[in-house]
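First comes the structure, then the notes that go with it.
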Amino acid sequence: MTSKTMIPNRRDLLQLAGGAAAGAMLAPALIGRANAATQITVADPGGPFGPAFRKAFYDPFEKATGNKVVNVAREAEPTAQFKAMVETKSYTWDVCTLTLSARDILASQNLLDPIGFSHADVPQLMPEAISDNFMGTDVYSTVLAYRTDRVKNAPTSWTDFFNVEKFPGRRALRKNPIDSIEQALLADGVPLDKLYPLDIERAFKMLDKIKPHIAVWWTGGAQSTQLLQSGEVDMIPGWNARFQAAIDGGTPAKIVWNQGLYSIEGWAMPKGGPRAEAARQFIKFCSSPQAQAVYTEILAYGPTNLDAYKTIPADRAKSLPTAPDNLKLMAIANEGWWSANRAAVTERFNAWLLT
């Protein structure tokens with residue numbers, strides 16, 4: 001999951017679709033109009049996020065408050081930039097998207113400002129999507145995808161993916177212990193809600209069994225999409241929006257949501273920023289279900305305000321991680337466990353690949 005990798009680009013775009021602007025739909029009580037116009041700089045992941053968030057958040061916020069939003073693309077892992085800004089008090093941006101793992105790193109170093117509201121203020125938000133210094137806007141998930149034109153006996157779980165006799169076909173696996181360890185344990189029968197702490201010894205025993213049958217070890221989201229699109233592999237784990245982009249482009253494939261692992265990305269503020277009040281207004285504005293529904297027209301990520309599904313068309317909802325029918329089949333990845341154990345497990349995994 002760009003991403004439980006601390007690299008947030010676990011996602012990709014769908015084709016730009018039409019849709020109504022969010023501004024008219026947002027409740028006036030959500031945010032007050034500023035006394036004097038302020039310009040804030042917002043750092044997003046770039047690529048399709050720019051136009052998607054411009055339509056859903058930036059332009060409607062400007063219309064509602066009079067404050068201007070300038071968006072820039074941040075680095076894939078912005079924790080070093082956050083630290084440098086706070087320490088030098090030279091603020092390149094006022095708000096930035098972070099993964100949960102990046103949030104935890106920065107919070108532990110006291111580098112984030114509070115967002116100024118809580119779950120009680122927006123009870124429709126997923127509880128894990130909000131903390132004192134963070135509000136999640138989108139959910140991405142690691143899932144299994146397969147080619148429907150090649151795989152006649154459709155897999156429905158990681159146990160099926162690891163069963164090469166009953167479910168033949170060319171397979172790919174991520175060249176990273178993150179996700180791969182969890183998938184091995186799920187394949188061996190560990191319940192989704194009992195995954196953590198991860199049993200590393202048990203996982204490697206399962207990985208030993210599947211290793212000879214892996215045709216490609218992929219290293220990036222674009223590669224995973226290409227492997228599915230080209231038909232080089234028949235079954236592959238990866239990030240839902242990457243696969244959805246291929247499916248929307250005509251690839252005969254299907255996503256298996258069962259036993260998926262999801263995570264959250266959202267807004268945070270560097271500590272001591274000079275435009276903190278306007279930044280807090282912006283973050284709260286982005287909690288609106290109507291606004292979050294708008295970005296799903298462009299991005300195949302799940303809104304964190306589940307009331308957004310009241311206005312998301314059913315056909316679109318079924319391709320999003322937080323749609324009720326999909327979310328109930330998945331669990332949130334434990335970023336804390338990986339933060340504590342990533343270095344040691346990665347070293348072992350890389351050595352194992354060479355054996």
Projected label distance in nm at VAL164 and ASP132, using a 7 Å step from Cα toward the beta-carbon: 5.1 nm
Amide H partners (placed H, <5 Å) of ALA43, local residues excluded: VAL72, ASP94, VAL95, CYS96, THR97
For the chain: rounded, prolate or oblate by the Cα gyration tensor [a/c cutoff 1.5]: prolate
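Rounded if a/c is under 1.5, else prolate if a/b is larger than b/c, else oblate: which is the stretch 250-355, with a ≥ b ≥ c the root eigenvalues of its Cα gyration tensor? Mind showing how you got there, number by number?
Values: a/c = 2.62, a/b = 1.19, b/c = 2.20.
Here the stretch 250-355 falls in the oblate category.
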Relative contact order %, the stretch 265-347, counting alpha carbon pairs below 8 Å whose residues are six or more apart: 18 percent
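Go ahead and run the numbers for FRET between ALA340 and ASP193, Cβ-Cβ distance against an R0 of 22 Å, rounding to 0.05.
Values: r = 20 Å, r/R0 = 0.91.
Computed FRET efficiency for ALA340 and ASP193 comes out at 0.65.
Do you know the relative contact order of the stretch 218-329, to the nearest whole percent, from alpha carbon pairs under 8 angstrom that are 6+ apart? All intermediate terms of the calculation are to be shown ahead of the outcome.
Details: 92 pairs, mean separation 23.3, N = 112.
Relative contact order here is 21 percent.
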Gap separating the Cα centres of the stretch 228-252 and the stretch 83-135, nearest whole Å: 33 Å
Hits among lysines - C-alpha to C-alpha of LYS205 under 24 Å, sequence gap 8 or more where chains match: LYS4, LYS166, LYS175, LYS194
Only Lys, Arg (+1) and Asp, Glu (-1) charged, at Cβ; the stretch 302-352 dipole about Cα centre in debye: 60 debye
Gain on full stretching of the segment that runs from SER230 to ASP248 - 0.36 nm per residue minus C-alpha separation: 5.0 nm
Local net charge near GLN124, Cβ-Cβ under 11 Å (Lys/Arg +1, Asp/Glu -1): -1
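What is the dipole size for the stretch 35-77, taken about its Cα centre, with +1 at each Lys and Arg Cβ and -1 at each Asp and Glu Cβ, in debye to the nearest 20?
Details: 5 positive and 5 negative charges, 41 e Å.
In debye, rounded to 20, the stretch 35-77 gives about 200.
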Lysine pairs within the stretch 231-355, Cα separation less than 30 Å, 8 or more sequence positions apart or different chains: 10
Residue-count net charge about ASN71 - beta-carbon cut-off 9 Å; Lys, Arg +1, Asp, Glu -1: 0
For the chain, with +1 on Lys and Arg beta carbons and -1 on Asp and Glu, the positive-most of ALA278, THR322, TRP218 along the dipole: TRP218
Segment ASN350-LYS328, extension gain: residue separation times 0.36 nm, minus the distance between their alpha carbons: 4.6 nm
Gyration tensor verdict on the stretch 180-272 (Cα atoms; rounded if a/c is under 1.5, prolate if a/b is larger than b/c, oblate otherwise): oblate
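If the only charges are +1 at each Lys and Arg Cβ and -1 at each Asp and Glu Cβ, what is the size of the charge dipole of the chain around the Cα centre, to the nearest 20 debye? Let's see the in-between values first.
Details: 37 positive and 35 negative charges, 83 e Å.
For the chain, the charge dipole is close to 400 debye.
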Ranked order, HIS213, HIS119 - accessible area, probe 1.4 Å, largest first: HIS213, HIS119
Distant-in-sequence amide H partners of THR137 (H built 1.01 Å from N, under 5 Å): GLU265, GLY266, TRP267
Listed peptides 250-261, 106-117 by packing density, highest first (mean Cβ within 10 Å): 250-261, 106-117
Spin-label pair LYS205/LYS152, simplified geometry with 7 Å Cα→Cβ offset, distance in nm: 3.5 nm
Accessible area per residue in Å² at 1.4 Å probe, computed on the stretch 292-355: 45 Å²
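The values are calculated or read from the model by the stated rules, or taken from the named source; none is laboratory data. Nothing here was measured: the structure is a model prediction, and the numbers come from that model. Please note: Cβ atoms are built from the backbone with ideal geometry, for glycine as well, and neighbour counts cover all protein chains shown. The accessibility values were calculated without ligands, DNA or RNA, using every heavy atom of the protein model including side chains. Shrake-Rupley method; radii C 1.70, N 1.55, O 1.52, S 1.80 Å.
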